[in-house]
Amino acid sequence: MREALRGLTGTYDSAYWQKVDHERGYPVAFVDALTTAGWMAALIPEQYGGSGLGLAEASVIMEEINRSGGNAGSCHGQMYNMGTLLRHGSEAQKQLYLPKIATGELRLQSMAVTEPTTGTDTTKIKTVAVKKGDKYVVSGQKVWISRIQHSDLMILLARTTPLAEVKKKSEGMSIFLVDLHQAMREGTTKPGMTVRPIANMVNHETNEVFFDELEIPAENLIGEEGRGFKYILDGLNAERTLIAAECIGDGWWFVEHARDYANDRVVFDRPIGRNQGVQFPIAESYIELEAANLMRWKACELFDAQQPCGSESNMAKYLAAKASFEAANVCMQTHGGFGFAAEYDVERKFRETRLYQVAPISTNLILSYIAEHVLGLPRSF
């Protein structure tokens, strides 16, 4: 797998990614090539046209994209968003959508959960879906919703039963599959969904989304009404493990580039890599990445064996994101002023990997999870 992936990613060089980043564009050619080669359908079962691979193999795909100097954030959403449909969709839904997702005819790159006033407190979401006959009518607002501009379908979480009327605050939310082209289509008066791009420090297409009585066919409900929060949680372990793999890939990129530069850069008639002040931080990053990598594989092994892996996936994401950003700092420091020059790619990759300290879940929330669920400490929120 790695050999084949490196053959593909190697054709998209530094100049390609610099151009995409400079233009704040989307790597269309790269994602199309991944899709054509079948990599984007890795987790889709063979009966629906996919490869039927496990999370371990999918994590290698994400890792190799970032290790090559690319940015898997442009396409990783389809890997884990598709799982919600696969695990909880009806057979009719899977037959309708999964083969087209596997071929690239449809892209399921986006998931709308987060809201501006609730953040990670998902049970307090205010977006509501009211059933009226054979459709649901959705009103509300979402934020930090990525890749809408390059998706055909989106997973949407909305409250179908008011919070005051449920026994548990995690109940009463439902998952829908949204046809984005239909939702944003101009009607006789107005579209049911409006998208506003959010400019940010990294080339990561993300948006604020407004729902104004958006009509969704009732057959687009995934699973049972009211169980959407549970369905979302089911996919988080895969998401966090895949993000960990991306961070591992970034980390290897930083270590390798720091090593190469330290070997080649000569100051005071000697390569700077001869100095222990330069050597030790690079070596430390390598050690921490190796350790984070072990937790990534443990999380993959448990997930693919259908065993509980909430703690392992969270710890893998925490360790990998931390190791990757520390490696980014080391690489920047090793390059000195040249690290800030766009031609070296360090500043671009630095910005890209910084994201994973706060998304898709912040390091503080991972620590809270481990404190409560593993160590048995009192719940803090």
For K94, the aspartates and glutamates lying under 16 Å Cα to Cα, once residues fewer than eight places off in the same chain are dropped, come out as E46, E105, D152, D179, E219, E224
Here segment 276-292 yields Karplus 3J(HN,Hα) values (6.51, -1.76, 1.60; θ = phi - 60°; whole Hz; Gly and Pro given as x) of 5, x, 8, 4, 4, x, 5, 4, 5, 4, 4, 4, 5, 5, 4, 5, 4
Within segment 108-186, pairs of Lys residues whose Cα atoms are less than 15 angstrom apart, provided they are eight or more positions apart or on distinct chains, add up to 6
Measuring from the longest principal axis of the C-alpha atoms of the chain, the long axis of helix 55-67 (C-alpha) lies at a number of degrees, nearest 10, equal to 50
Low-density loop trypsin sites (Lys or Arg not before Pro), segment 1-81, at most 15 other Cβ within 10 Å, DSSP non-H/G/I/E/B, are R24
Listed by chain and number, the residues whose amide H is under 5 Å from that of E215, excluding neighbours fewer than 5 places away on the same chain and using placed H, are V138
Between the Cα axis of helix 228-264 and the main Cα principal axis of the chain, the angle (0 to 90°, nearest 10) is 20
Correct response: the longest run of the chain lacking exposed GluC sites (Glu not before Pro), defined by DSSP loop and at most 15 other Cβ within 10 Å, is 225-381
A correct Karplus calculation of ³J(HN,Hα) over segment 161-168, with 6.51 cos²θ - 1.76 cosθ + 1.60, θ = phi - 60°, whole Hz and x for Gly and Pro, returns 10, x, 4, 5, 9, 10, 6, 10
Only helices counted: for the chain, with every DSSP H run of 4 or more residues adding -39500 (n - 2.57) and the sum spread over all residues, [θ] at 222 nm is -15500 deg cm²/dmol
Sparse-neighbourhood loop hits (chymotrypsin sites (Phe, Trp or Tyr not before Pro), segment 252-339; DSSP loop; Cβ within 10 Å at most 10 others) -> F268
Any trypsin sites (Lys or Arg not before Pro) in segment 302-381 that lie in a DSSP loop and have at most 16 other Cβ atoms within 10 Å would be R379
Restricting to Cα pairs under 8 Å and 6 or more apart, the percent relative contact order of the chain works out to 15
Given backbone amide H placed at 1.01 Å from N, residues whose amide H is under 5 Å from that of A112, ignoring those fewer than 5 places away on the same chain, are I155, L156, L157
Residue-ordered couplings for segment 84-100, obtained by feeding phi - 60° into the Karplus form 6.51 cos²θ - 1.76 cosθ + 1.60 and rounding to whole Hz (Gly and Pro as x), are 4, 5, 5, 7, 10, x, 6, 4, 5, 5, 5, 5, 6, 9, 4, x, 6
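Every number in this text was worked out from the coordinates using simple rules, so none of it is lab data. No experiment lies behind these values; they were computed from the predicted model shown. All Cβ positions, glycine included, derive from the backbone under ideal geometry; neighbour counts span all protein chains shown.
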